[in-house]
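Asks: Here's a structure for you.
The values are calculated or read from the model by the stated rules, or taken from the named source; none is laboratory data. Bear in mind that the values here come from a model prediction, so they are computed numbers and not experimental data. Positions of Cβ are backbone-derived with ideal geometry, glycine not excepted, and every protein chain shown enters the neighbour counts. Each accessible area value is taken on the protein alone, full model and side chains, heavy atoms only, with ligands, DNA and RNA left out. Shrake-Rupley method; radii C 1.70, N 1.55, O 1.52, S 1.80 Å.
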Amino acid sequence: MKRAATSWMIVAAAVFCALPMARAARVGERAPDFSVADTNGKVEKLSDYAGKFVVLEWSNRGCPYTQKHYSGNMQRLQREWTQRGVIWLTVISSAPGKQGYVTAADENSWLKQINAAPTAALLDPMGTLGHLYDAKTTPQMFIINPQGTLVYDGAIDDKPTTDRADIGRAKNYLSQALEEGMAGKAVSIPTSRPYGCSVKYPGSWF
């Protein structure tokens, strides 16, 4: 058992050290494709959604910033935008043993309990997808347009607090970017500083 745990730590550390060498996704450039299993066992590929807007939402249900938005705001946004044809992929990059790590069954049960409505929830315990997009916090939002270009990377809104009362008075960067993009306009605020808990990658010390 001890040998297995040590092997896992070595592999995780190796992946953690190696992945940052690859260039992460950048706004204005083609979003890198990926193949990641969701909580229902389906392999989700970005290329399968060519021609659609895609939202990537990094999540950690143990994080108070995530909890703030899952008090109803995130679920509302998921329903609003998926009903308008947007693909919404929730991504969980927490490593085993760290805050926010879940099994597929755990996540499916929780999504049902809180009445969430993403298109799918992706499990990324090795952090491969997280590093590919340089996800730093939970929540952190990315938008990919129908042409496959990354057009937004950053915070969900402009109120970096855990206070749920701030949701109603915040400027929602995600919705603004989607409204502009769907209207054929350039996204006026393509990047913002993400806020929340750090993504709990393998090998991280926090």
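Asks: Could you work out the local net charge near ILE167, counting Lys and Arg as +1, Asp and Glu as -1, over the other residues with Cβ closer than 13 Å to its Cβ? Could you put the intermediate results ahead of the total?
Replies: Working: positive: LYS68, ARG76, LYS159, ARG164, ARG169, LYS171; negative: ASP157, ASP158, ASP163, ASP166.
Around ILE167, the surrounding residues sum to +2.
Asks: In addition: Suppose only helical runs count, i.e. DSSP H with n ≥ 4. What mean residue ellipticity at 222 nm does that imply for the chain under -39500 (n - 2.57) per run, divided by all residues and rounded to the nearest 500 deg cm²/dmol?
Replies: Mean residue ellipticity, 222 nm, calculated: -8000 deg cm²/dmol.
Asks: Once label points are set 7 Å from the Cα along Cα→Cβ at both GLU80 and ASP158, what is their separation, rounded to one decimal in nm?
Replies: About 1.6 nm separates the two model spin labels.
Asks: Please give the Cα centre distance for the range 39-59 versus the range 136-206, rounded to the nearest Å.
Replies: Measuring centre to centre over Cα atoms gives 17 Å.
Asks: Also: Greater than 25 Å separation of Cα atoms is the criterion. Which listed pairs, LYS136/LYS171; LYS68/LYS185; LYS42/LYS185, meet it?
Replies: LYS68/LYS185; LYS42/LYS185
Asks: What is the gain in length, in nm to one decimal, between LYS171 and ALA104 on full extension, counting 0.36 nm per residue of separation less the C-alpha to C-alpha distance?
Replies: 20.8 nm
Asks: Keeping every protein chain present and rolling a 1.4 Å probe, give me the accessible area per residue for the chain in Å².
Replies: That works out to 49 Å² for each residue.
Asks: On C-alpha positions alone, give me the angle between the axis of helix 73-82 and the longest principal axis of the chain, in degrees, nearest 10.
Replies: Result, in degrees: 70.
Asks: If I model a spin label at ILE114 and LYS42 as a point 7 Å from the Cα along the Cα→Cβ vector, what separation in nanometres do I get?
Replies: It is 2.1 nm.
Asks: Another question, if that's okay. With N denoting the number of residues in the chain, provide Rg(C-alpha) divided by 2.2 N^0.38 Å, to two decimal places.
Replies: Details: Rg = 16.4 Å, N = 206, 2.2 N^0.38 = 16.7 Å.
Normalised by 2.2 N^0.38 Å, the Cα Rg of the chain equals 0.99.
Asks: Work out from phi, with θ = phi - 60° and the Karplus expression 6.51 cos²θ - 1.76 cosθ + 1.60, the ³J(HN,Hα) of each residue of the range 131-148, listed in order in whole Hz, and give x for Gly and Pro.
Replies: So the Karplus estimates, Gly and Pro as x, are 6, 4, 9, 6, 5, 10, 9, 10, x, 9, 10, 10, 10, 10, 7, x, 8, x Hz.
Asks: Relative contact order (percent) for the chain, with alpha-carbon contacts under 8 angstrom and 6 or more residues of separation?
Replies: 28
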